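These notes are about the structure you will find just below.
The values are calculated or read from the model by the stated rules, or taken from the named source; none is laboratory data. Since this is a predicted model, take the numbers as computed values, not measurements. Note: ideal-geometry Cβ built from the backbone for every residue, glycine included; neighbour counts use all protein chains shown. Areas reflect the complete protein model, heavy atoms only, side chains present, ligands, DNA and RNA absent. Shrake-Rupley method; radii C 1.70, N 1.55, O 1.52, S 1.80 Å.
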Amino acid sequence: SKRKHAREVNETGVTFDDIGGLDKPKQELKEAIDLLKEDERARKYGIRPLKGILLTGPPGTGKTLIAKAAANYADAAFVAASGSEFVEMYVGVGASRIRDLFKEVKQLAREKGLSRGIIFIDEIDVIGGKRDGQQQKEYDQTLNQLLTEMDGISTTDQPRILLIAATNRVDMLDPALLRPGRFDRLIRVDLPDKKARRHILQLHFSRKPLADNVNLDDVAKDTYGFSGAQLESVANEAAIYAFRSGDSSIDRAHIAQAIEKVMMGEQTDKESTE
Ligand code: ATP
């Protein structure tokens, strides 16, 4: 029944070209992976082996996406989990699930004949957050298992394992996670600026029938503060408006409506959590 926590195991199929904006994080990730690919040479320089990369930034900015692209770039097997699936009632379950993740990625890499494996853990703060109260013990065991597995990673392992984690509250993390040799490389994944928003919109409208009168520069201007995930929603909602009205293409009015809808959605989300 634990399997119902549908842990994603796949070949990612996502490349850096599928990601709008984020030029700097893409570059930083590429450099990190290049280092990983040259483990042996790096060792001669006394460079500490890279084991963990932490992506930080607001929700919906493409952290999962960029981790998948990194796995592709690294020619690595990829398994993903979310910190929230480790919230368990029974002590020890979280820890054994961490062990399973490492086993899975190694097995997957072997099956596919790949020499590297990447484990992505979203919402790492759920496992590695400063915390108090009842579930402390369970979380501590889970966190400790993660730290043990990370400390056990060696550059001579076959396959070579790298962890990528994501959080939007790095200030909340247990400092043990951020120590050298663990998640010691931080990459910020920020909200897109106007140019990046245009790029993201372009990607998400590319396979949709867009009317000639739509200027994506204007749409980028009108979506200040939107995340990549929200821009994807704008494209999808606009297509739905066009579809419903029977129009053959997505025009400015559909997009304006969609922007309004996504903005409103944000507001109700906030109200319900406050
Ligand atoms: P969270 O922190 O909430 O888990 P995240 O940062 O991991 O979010 P993703 O899950 O990668 O965000 O993004 C959600 C979806 O939003 C993506 O599948 C994609 O469709 C779209 N998206 C987000 N950022 C970008 C981007 N930079 N370029 C293109 N699409 C994006």
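How big is the shadow of the Cα convex hull of region 135-216, averaged over all directions, in nm²?
Here the figure is 9.6 nm², rounded to one decimal.
Find the centroid of the Cα atoms in region 148-216 and in region 37-102, then give the distance between the two in whole Å.
11
What is the dipole size for the chain, taken about its Cα centre, with +1 at each Lys and Arg Cβ and -1 at each Asp and Glu Cβ, in debye to the nearest 20?
With only Lys, Arg, Asp and Glu charged at Cβ, the dipole is about 880 debye.
Sort L146, L22 from largest to smallest accessible area, using a 1.4 Å probe on the heavy atoms of the protein chains.
Ranked from most to least accessible, the order is L22, L146.
What do you get when you divide the Cα radius of gyration of the chain by 2.2 N^0.38 Å, with N the number of residues?
1.11
Kindly provide the helix-only [θ] at 222 nm of the chain, computed as the sum of -39,500 (n - 2.57) over DSSP H runs of four or more divided by all residues, to the nearest 500 deg cm²/dmol?
-15500 deg cm²/dmol
DSSP loop chymotrypsin sites (Phe, Trp or Tyr not before Pro) in region 82-119 with at most 14 other Cβ atoms within 10 Å of their Cβ, which ones?
Sparse-neighbourhood loop chymotrypsin sites (Phe, Trp or Tyr not before Pro): Y90.
So if the hydrodynamic radius of region 64-127 is defined as the Kirkwood radius over C-alpha pairs, what does Stokes-Einstein give as its diffusion coefficient at 37 °C and 0.692 mPa s, in µm² per second?
Estimated diffusion coefficient is 265 µm²/s.
Using a 1.4 Å probe on the protein heavy atoms, what percent of the accessible area of the chain belongs to carbon and sulfur?
Ligands and nucleic acids excluded, carbon and sulfur reach 48 percent.
So which chymotrypsin sites (Phe, Trp or Tyr not before Pro) in region 184-274 are both in a DSSP loop and have at most 16 other Cβ atoms within 10 Å of their Cβ?
Of the chymotrypsin sites (Phe, Trp or Tyr not before Pro), the ones in loops of region 184-274 whose Cβ has at most 16 other Cβ atoms within 10 Å are Y224.
So what is the accessible area of the chain per residue, in Å², with the probe set to 1.4 Å?
52
Sticking to Cα atoms, compute the Rg of region 214-258 to one decimal and its Dmax as the biggest Cα-Cα distance, whole number, in Å.
So, for region 214-258, Rg and Dmax equal 10.2, 31 Å respectively.
Pairs K30/K68; K63/K195; K44/K106: which are spaced more than 22 Å apart, C-alpha to C-alpha?
With Cα atoms farther than 22 Å apart: K44/K106.
In bins 10 Å wide, starting from 0, what share of all Cα pairs of region 41-183 does each bin hold, as a percent?
The distribution over region 41-183 is 12, 42, 36, 10, 1, given as percents.
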